[in-house]
Every structure is written in C-alpha cells, then in structure tokens.
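Each remark here refers to the structure printed beneath this line.
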C-alpha cells in the first residue's frame, strides 16, 4: 500500500482536492493533507483493515480539517471531540452506530469478485469526475455534509448561509450528481448500489 506510488499519488490528489474545497486555502489544505498522511504513515500499525485504507486516511484528514476550522475561531459544534474518552470508548463511537451495528464507514469489507471490484472502481472514478463538474459552492456544501458529516446548522454557520439556502445547495448537488451519473451510463439503481 505505502509502496504503491500510483495509489499514494491518487490518494494524495483526492485528499488535497477535498481539503482545498473545505479550507479554500491551498497552503492550509497542503498542510492538513501532509499532516494526515504523516499520521497515517506513523500510525500504520493501528490500521487493522476493518475498513478500506482510503476511508481510514480520509477519517484522519477529517479530524485535521475540523482542527483547522476550529482554529479559525469559527464556532463549530465539536463537543463530541472535546470530551475525554477512553481509547475503547472512542473506538466504540467511531466503529459502531448507536444501535450497536457497524457504522457505515467502518463496516468490514465484503469479499468481492474482480468484476465487482472493477465496477466499483469505475463508479468512483465517474463519481469523482461528476463531483469536479459541480459548481464550487455546491460541491463544498455537499462534501461538508456527506464526507465531513457536518450537520446543516454547522455548514450554515461556517459558510454564512441560511438553512434554506444550504438545503437547496445540498439538493442541487444530489440532483446534479444523479444527472451526471445517469448521463454517463450509470443507471439510478446501479449508481446507488455502489455508494
């Protein structure tokens, strides 16, 4: 994984795109990505393979981005991060939903056939291309909601938007992504089967 330069280059590119969209500052985004990659590298032994490596690294970046946003003196509700939890409690919160089932981002990967794996990789390449086509503000709001897991109130506060405008932007992002995926040959059921 760490020896696969193509994988690392793609991962770094995606992390940077994600961080730049959130921070709107290339230098700060570069720093956050560098810190996330360094943390992943130094904590490689902590990665147990219960989720995809990429998901794990994005989780590290997510925490770095929240730290940067908090450092800007903006009011973001991160009280869950501020409470002191034992390592076991923290892992429990990260890996499991309130009902005791795996959290969606932490589910162990099912064994897939090579065909399914190829389709999944093709879908995500297509999804990334469709994300690139979104207008910047719509893409930023969508990624804050769906990838950083901010709630609408936090997004509105961070971007100084009304709740209604924020909801409209999320709706537009979903519709534009759906249209893009459909136009590129990915049917509605097919598209959601890969997410």
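The values are calculated or read from the model by the stated rules, or taken from the named source; none is laboratory data. Computed from a predicted model, the values in this text were never measured in an experiment. Cβ: placed from backbone, ideal geometry, glycine included. Neighbour counts: every protein chain shown.
Structure data summary
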quantity	calculated
Filter result for residue 34 (over 22 Å from residue 131 (Cβ atoms) and modelled with pLDDT under 65)	no
Boolean, residue 130 is closer than 17 Å to residue 22 by Cβ, in contact with a helix residue (DSSP H, G or I) (Cβ under 6 Å, 6 or more places away or on another chain) and without any contact (Cβ under 8 Å) to a residue 60 or more places away in the chain	no
Exclusive hit being modelled with pLDDT under 90 and farther than 22 Å from residue 69 by Cα, set 183, 154, 158, 146	183
